[in-house]
Number of protein chains: 2
Amino acid sequence: MDSPLLPSVRFQNCPIRTSLGVLGKRWTLLVLRDIGFLKVDRFNQILRTLPGLTPRVLAMRLRELEQEGFTKQIEVQKTPRIVRWGLTAKGEDTLPILMGLIGFGSKWYPEVVFADSQPRTPEELFPKRVKYNPVIR
Amino acid sequence: MDSPLLPSVRFQNCPIRTSLGVLGKRWTLLVLRDIGFLKVDRFNQILRTLPGLTPRVLAMRLRELEQEGFTKQIEVQKTPRIVRWGLTAKGEDTLPILMGLIGFGSKWYPEVVFADSQPRTPEELFPKRVKYNPVIR
DNA sequence: CTGCATCCGATCGGATACTG
DNA sequence: CAGTATCCGATCGGATGCAG
């Protein structure tokens, strides 16, 4: 018989459900991917990297993410108007979750993700540079 | 200037987007939580742990999860009919992602998640038992 | 009882056009 | 370039029904 995996402290509300209240909406994690990983940080750039996403929904998601403290405007300019988006500390903390999704997709959907259809581990995809200089970004 | 974090092998399609095609639907990750962590593995039990989820949507999600190879029926009985659900290896591989969400919620929504409103780390929540017997489940 | 199916109103997301 | 406005279809949530 399997038994539930219980935390040392009781949850008053489920942290998964709580997190998904914000992160669980359609496009939200992909917008964070753009800003956090790809450094695609402007409105129309994000639209271009996410075919199917429309301006209305992107504006909604960016507003929610900013209100919830995941993102912030890091540069604003007018004529021409330019807004760039960046992650807050809270937003950065979603990147391990995104990494989990990268690992999962690379293992279980290799024929979709890779041209050679070979599954790969996170370590293969993002090798640690331990010699001379460990700086990655 | 930040530069994008690139994998050692080019992605033909984004593994995050690919993974979310299945995992990104409403309720899906919470159903996996029930089966994988809580061992709540029967239809009406799952319904009870997830207020707001209706039989119609749960049936849809269970069908999708089974078709996509995340879950399987591990026990079937008739009169009374009983179906129990379990995770496949692929389903088990989503648990680290759920753990990421647990860690995120426990850090950033402590007043929702914990009665004492104190944020906690994954290590505090699931301390490693290193003495005598490291078996957790 | 349990595991669904059906119907329906509400909400959300998508397409397109438009504005500062 | 960064968003809004409007319209419409898809999906969701809620109630109810039903067979095994």
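The values are calculated or read from the model by the stated rules, or taken from the named source; none is laboratory data. Every value quoted in this text rests on a predicted model; they were computed, and no experiment measured them. Using ideal geometry, Cβ is built from the backbone for each residue, glycine included, and neighbour counts are taken over all protein chains shown.
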For this session: Tally the residues that are touching a residue at least 24 places away in the same chain (Cβ under 8 Å) and polar (S, T, N, Q), restricting the search to segment A:92-107.
Result: 1
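Can you tell me which residues in segment A:51-60 are more than 11 Å from DNA strand D (Cβ to nearest atom) and either at pLDDT 95 or above or among the small types (Gly, Ala, Ser) (or both)?
Narrowing segment A:51-60 to residues more than 11 Å from DNA strand D (Cβ to nearest atom): A:51-53.
Scanning segment A:51-60 gives a single hit, A:Gly52.
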Problem set entry | Residue that is surrounded by the most Cβ atoms within 10 Å (Cβ to Cβ) [pool: residues in segment A:66-91 that are of a type in the set (A, V, I, L, M) and in contact (Cβ under 8 Å) with a residue 40 or more places away in the chain] | A:Leu87
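Scan segment A:93-112 and tell me whether some residue there is closer than 24 Å to B:Gly103 by Cα, assigned to a loop (DSSP other than H, G, I, E, B), at pLDDT 95 or above and of a type outside the set (Val, Ile, Thr).
Residues of segment A:93-112 that are closer than 24 Å to B:Gly103 by Cα, as a first pass: A:93-108.
Adding the requirement that they be assigned to a loop (DSSP other than H, G, I, E, B) leaves A:93-94.
If we keep only those that are at pLDDT 95 or above too, we end up with A:93-94.
Still in the running and of a type outside the set (Val, Ile, Thr): A:93.
So far as segment A:93-112 goes, yes, one or more of its residues are closer than 24 Å to B:Gly103 by Cα, assigned to a loop (DSSP other than H, G, I, E, B), at pLDDT 95 or above and of a type outside the set (Val, Ile, Thr).
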Problem set entry | Criterion: more than 16 Å from the chain's Cα centre (by Cα) and in contact (Cβ under 8 Å) with a residue 12 or more places away in the chain - qualifying residue of B:Pro110, B:Pro119 | B:Pro119
Exercise. When only residues in segment A:92-133 that are among the aliphatic types (A, V, I, L, M), more than 7 Å from chain B (Cβ to nearest Cβ) and buried (at least 16 other Cβ atoms within 10 Å of the Cβ) count, which is nearest to B:Lys107 (Cα to Cα)?
Worked result: A:Leu95
For this session: Please indicate, with yes or no, whether at least one residue in segment B:38-48 is more than 9 Å from chain A (Cβ to nearest Cβ), surrounded by fewer than 20 Cβ atoms within 10 Å (Cβ to Cβ), closer than 21 Å to A:Leu20 by Cα and out of contact with any helix residue (DSSP H, G or I) (no Cβ under 8 Å at 6 or more places or on another chain).
Result: yes
Seminar exercise, completed: Residue count, segment A:53-90, condition assigned to a loop (DSSP other than H, G, I, E, B), within 21 Å of A:Leu20 (Cβ to Cβ) and within 14 Å of DNA strand C (Cβ to nearest atom), comes to 1
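Quick test for you: out of A:Thr54, A:Thr28, A:Thr79, pick the one residue that is within 11 Å of chain B (Cβ to nearest Cβ) and farther than 28 Å from B:Glu124 by Cα. Break it down stepwise before answering.
Numbers: A:Thr54 fails: within 11 Å of chain B (Cβ to nearest Cβ); A:Thr79 fails: within 11 Å of chain B (Cβ to nearest Cβ).
Answer to the check: A:Thr28.
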